[in-house]
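Here's the structure we're looking at; comments come further down.
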Amino acid sequence: MKLLRLVRAGLAGTALALVALAEGPARAEPEPSKAPAPTDDTRDPAFRYVGGTPPANVLRTAIEQGIILGVGYLQYVLDKNSNSGDFDLGVSWSTLRDKFLFKDVSFDDNRFDTNWVLHPFAGWAYYSAARGNRLGILPSFAFAFVSSAFWEFIGEFREQAAINDLVVTPMSGMAIGESTTQLGAFLQRSRKTPATFVFGWLFGPFKALHDTLDGLTPEPPEGYDDLGFPNDVWHRFYLGADAGVTKQAQGLLQTDGRVLGYTRLSTLPHYGAEGAASLWFHSGEMSAMAIRAATGGGELVDFNLATSFIAAGHYAQNVGLDGRGRLRGSGTVAGLHFGFEYGYHDYDRDRRLPADHIALVSAGPTFEHSLYGHGVTLRVRADSLATFGGVHAYALTPYERAYGTTGLTSVLAREGYYHALGVTLRPVVEVEAGPIDAGGDVRADWFEGITGADREAPVTAEDTPASDVRLTTCAWLGVTPIRHVRLGISTEYNARSGRVGPASASRSEFGVYGGAGVRF
């Protein structure tokens, strides 16, 4: 299969990258003035407290999982009108037994936002409750998976267990929950202000609540930067606004306005600073979140929310100072990446085709190599990810014009999207030199629809195959003339194509944008 060839090619490429990157730190010339980072501190960086870190509270975690499930079940019972359409099973021991024997399991045909907004939110609650009780990533994921499975097999006892929900709920919950918990922990260690208090609770509510109940005080940092953030944690935050023009192939030229923001954190010792380290990590020490929304012609034309973190891996760095006090050396991070994305984009503002929805969870290796020298920082990252997603079939409209809904899975016929397996390849290059920053980001996604196990189709039915490709590219140049104020320009090229059976469709667009924001 084409998809399997892409997986093999991606893994082979990233394996070669790992070999090349792993040699980098060994060639670093400077002798760091700081001692190598200790490797015997196994405490989770997000859960370090004055007086020591108490054990994880497993009992409280189990109770909170029950409360979350109970609240969900109450809503489920009260909203029978919305849920009764999925009642495929009777109320008997035999139907429950068949579910546990995996006879009554399938891919469901719920609305896109039910599967990719409500279920990720539930997964976030399951995971964050466990993580906020000081459990590690793996046991927190286990709680999220068990709670999700309990809901599918017991809570929705009159419905077939949804395979997609069993994957999406815990996976998205982990990707969102770990990123928000890391950001919440960072803010809770910042200098105490109304803003850090509010946002610390907003992003890490379960951790903040449990810390308060247990009388715990987060371990203070070595010091604070000029904005009151911990100076022992590498961070990069941005919030800004852009304006520009977008030209779609055989389409419209429109003026766009957008807002965007992102957060990036690394709790790895000495990351991005002077120092040496060589250690394995396993507590989500690198995490990121990004959000973007754009309007054009008075309508929403783009929205994207993405979270990711590196759960575990190896980190090596050897960075010192040259004769002018500038960083010199290199560092490498290689680890296991998990991510979540929810995206909406209008590739057809002339209404030739409907707007596009794609949401996915991802997992796979990530490699990053950083070089420091002559006042310049160069970072190169490569992601090679396997994905499970909900994908709007871009060629569905021309297929339906010719064939109607014949041969389509129930979710594709009813809701316009399909459950998919995919591959994502993404190289990123970033350069910083004093107040100047520049970079490029290329991302390619391939998706193939999953056939079989459809909720409504007979087992022997042959589903019409569907596949899609998404390409997004971006290059940027920025300058920070005043501390924390960034001015920038960027260019983007995006392309989208798809096939449903014999029908196909494709579209591309190019945009140029400029704007300003705060960066810290």
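The values are calculated or read from the model by the stated rules, or taken from the named source; none is laboratory data. All values derive from a computational prediction rather than experimental measurement. Positions of Cβ are generated from backbone atoms using ideal geometry, with glycine treated the same way; all protein chains shown enter the neighbour counts.
Residues in segment 227-241 that are in contact with a Phe, Trp or Tyr (Cβ under 9 Å, 6 or more places away or on another chain) and touching a residue at least 12 places away in the same chain (Cβ under 8 Å): LEU227, PHE229, PRO230, VAL233, TRP234, HIS235, ARG236, PHE237, TYR238, LEU239. Of all the criteria given as (1) assigned to a helix (DSSP H, G or I); (2) surrounded by 19 or more Cβ atoms within 10 Å (Cβ to Cβ); (3) at pLDDT below 95, the one not satisfied by SER94 is (2). If GLU152 meets every condition in (1) farther than 25 Å from ALA175 by Cα; (2) at pLDDT 85 or above apart from one, which number is that one? Going through the list (1) farther than 25 Å from ALA175 by Cα; (2) at pLDDT 85 or above, GLU152 breaks only (1).
Assessment of segment 315-336 against the conditions (surrounded by fewer than 19 Cβ atoms within 10 Å (Cβ to Cβ), closer than 30 Å to TYR399 by Cα and among the hydrophobic types (A, V, I, L, M, F, W, C)) yields no matching residue. Where strands (runs of 3 or more DSSP E) fall wholly inside segment 418-520, the ranges with 1 or more residues that are acidic (Asp, Glu), touching a helix residue (DSSP H, G or I) at 6+ places or on another chain (Cβ under 8 Å) and in contact (Cβ under 8 Å) with a residue 12 or more places away in the chain are 436-449. Restricting attention to segment 145-164, the residues that are without any contact (Cβ under 8 Å) to a residue 60 or more places away in the chain, in contact with a helix residue (DSSP H, G or I) (Cβ under 7 Å, 6 or more places away or on another chain) and surrounded by fewer than 24 Cβ atoms within 10 Å (Cβ to Cβ) total 4.
This table checks each residue for (1) exposed (fewer than 15 other Cβ atoms within 10 Å of the Cβ); (2) in contact with a Phe, Trp or Tyr (Cβ under 8 Å, 6 or more places away or on another chain); (3) farther than 30 Å from THR405 by Cβ.
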| residue | (1), (2), (3) |
| --- | --- |
| ALA475 | no, no, yes |
| ARG499 | no, no, no |
| PHE510 | no, yes, yes |
| ALA516 | yes, no, yes |
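If you take the residues of segment 243-270 that are touching a Leu at 6+ places or on another chain (Cβ under 7 Å) and of a type outside the set (A, V, I, L, M, F, W, C), which of them is farthest from GLU368 (Cα to Cα)? Can you show your working first?
As a first pass, look at segment 243-270 and keep what is touching a Leu at 6+ places or on another chain (Cβ under 7 Å): 245, 247, 261, 263, 265.
Adding the requirement that they be of a type outside the set (A, V, I, L, M, F, W, C) leaves 247, 261, 263.
Numbers: LYS247: 33, GLY261: 22, THR263: 17 Å.
Looking at the filtered set, the residue picked out is LYS247.
Of everything in segment 149-176, what is in a helix (DSSP H, G or I) and over 17 Å from LEU360 (Cβ atoms)? Give them in sequence order. Once the filter is applied, which keeps residues that are in a helix (DSSP H, G or I) and over 17 Å from LEU360 (Cβ atoms), segment 149-176 yields ALA149, PHE150, TRP151, GLU152, PHE153, ILE154, GLY155.
Among the residues of segment 370-417, the one identified as of a type in the set (D, E, K, R), assigned to a strand (DSSP E or B) and in contact with a Lys or Arg (Cβ under 7 Å, 6 or more places away or on another chain) is ASP383. Would you confirm whether or not segment 135-144 contains a residue that is assigned to a loop (DSSP other than H, G, I, E, B) and touching a residue at least 12 places away in the same chain (Cβ under 8 Å)? Within segment 135-144, one or more residues are assigned to a loop (DSSP other than H, G, I, E, B) and touching a residue at least 12 places away in the same chain (Cβ under 8 Å).
Number of residues in segment 212-224 that are surrounded by 15 or more Cβ atoms within 10 Å (Cβ to Cβ), in a loop (DSSP other than H, G, I, E, B) and either within 29 Å of the chain's Cα centre (by Cα) or among the basic types (Lys, Arg) (or both): the value is 2.
Results for (1) charged (D, E, K, R); (2) assigned by TED's automatic domain parsing to the domain that holds ILE489; (3) in a strand (DSSP E or B), shown as yes or no for each residue.
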| position | (1), (2), (3) |
| --- | --- |
| ASP226 | yes, no, no |
| TYR238 | no, no, yes |
| ALA241 | no, no, yes |
| GLN254 | no, no, yes |
| LEU265 | no, no, yes |
| PRO269 | no, no, no |
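Against the definition (crowded, with 24+ Cβ neighbours inside 10 Å and at pLDDT 95 or above), how does SER362 come out, yes or no?
yes
Criterion applied to ALA311, ALA288, ALA273 was being under 30 Å from GLU509 (Cα atoms) and modelled with pLDDT of 95 or more, and the one residue passing it is ALA288.
Do we have any residue at all in segment 252-274 that's hydroxyl-bearing (Ser, Thr, Tyr), more than 27 Å from PHE47 (Cα to Cα) and in contact with a strand residue (DSSP E or B) (Cβ under 7 Å, 6 or more places away or on another chain)?
yes
In this structure, is VAL105 in contact with a helix residue (DSSP H, G or I) (Cβ under 8 Å, 6 or more places away or on another chain) and surrounded by fewer than 24 Cβ atoms within 10 Å (Cβ to Cβ)? Answer is yes for this residue. Here is the figure for segment 284-300: residues that are surrounded by fewer than 20 Cβ atoms within 10 Å (Cβ to Cβ) and farther than 17 Å from SER362 by Cα total 8.
Yes/no matrix, rows are residues, columns are (1) buried (at least 21 other Cβ atoms within 10 Å of the Cβ); (2) within 30 Å of HIS337 (Cα to Cα); (3) polar (S, T, N, Q); (4) in the same structural domain as ASP356 (by TED's automatic domain parsing):
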| site | (1), (2), (3), (4) |
| --- | --- |
| SER384 | yes, yes, yes, yes |
| GLY389 | yes, yes, no, yes |
| ALA395 | yes, no, no, yes |
| LEU421 | no, yes, no, yes |
| VAL431 | no, yes, no, yes |
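Of all the listed residues (THR332, THR307), the sole one being among the hydroxyl-bearing types (Ser, Thr, Tyr), in a strand (DSSP E or B), more than 16 Å from the chain's Cα centre (by Cα) and under 23 Å from SER384 (Cβ atoms) is THR332.
Residues considered: ALA466, ALA495. Of these, the only one that is crowded, with 20+ Cβ neighbours inside 10 Å and in contact with a Lys or Arg (Cβ under 8 Å, 6 or more places away or on another chain) is ALA466.
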